[in-house]
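A short worksheet on the structure shown next.
Read-outs: derived from the displayed coordinates by stated rules, not from any lab. Here the structure is a predicted model, which means the values were calculated and not measured. Using ideal geometry, Cβ is built from the backbone for each residue, glycine included, and neighbour counts are taken over all protein chains shown.
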Amino acid sequence: ARPLPRGRPVERPSEPLARWPRADRCHVLRRAGGDDPAAPLAGHPPSGAPHQARRAEEDEERRRAEWLRRTLLAAPIALIFVASMFFHDVVMERTWLRWAMFALATPVQFGVGWPILRGAVERARHRAANMDTLIAVGTLSAYGYSVGQLLTGGTDLYFEASVVIIAFIALGRF
């Protein structure tokens, strides 16, 4: 921290500015960009309960907007997969439809489901488990088995299970 004219460090003052010598107060206020003694120093965010509450609200809004985007991506794909379950035999007979299911399920599994997978890995590092672990194990099992079946020419695909579970979880977290 750069010292002030009288040797005071440029930090958030622990005593009220009114008690500081005039030259020190003017220097601090100029650095803060105003003449409000309660203004924070440049580079230091304001503190206190109102700021923390506002920041918590902004964080919650960002989180909700992120899960809304994820839900809007996953929900239409989940509806397509649920509709395909009514025509299971027709879908499984056509190779290109099986590959289309793979192409639609992959962004949902690893894009929409990424926070869930990341949370499961973080818990695994600490040798603990939570709901993210259960969801990750279930959806990755369905996805992995389906990829194996797709590559070997099998017709037992469970991409829809993976996609629908992730879509419901995204909707619930929104």
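Data overview
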| read-out | value |
| --- | --- |
| Simple spin-label estimate for R62 and M131 in nanometres, 7 Å along Cα-Cβ | 2.3 |
| R0 of 30 Å, Cβ-Cβ distance V90-F168: FRET efficiency to nearest 0.05 | 0.70 |
| Separation in nanometres of the label points that stand 7 Å from Cα toward Cβ, at R55 and D156 | 5.3 |
| Proximal charge balance of E66 [Cβ under 12 Å; K/R count +1, D/E count -1] | +3 |
| Around D132: net Lys/Arg minus Asp/Glu count, Cβ-Cβ under 13 Å | +3 |
| Residue (of V137, G153, V108) at the positive-pole extreme of segment 58-170, dipole from beta-carbon charges | V137 |
| Calculated FRET efficiency for the pair V147/A124, C-beta based, R₀ 25 Å, to 0.05 | 0.70 |
| Neighbourhood charge, 12 Å Cβ-Cβ cut-off, centred on A105 and excluding it, Lys, Arg +1 and Asp, Glu -1 | 0 |
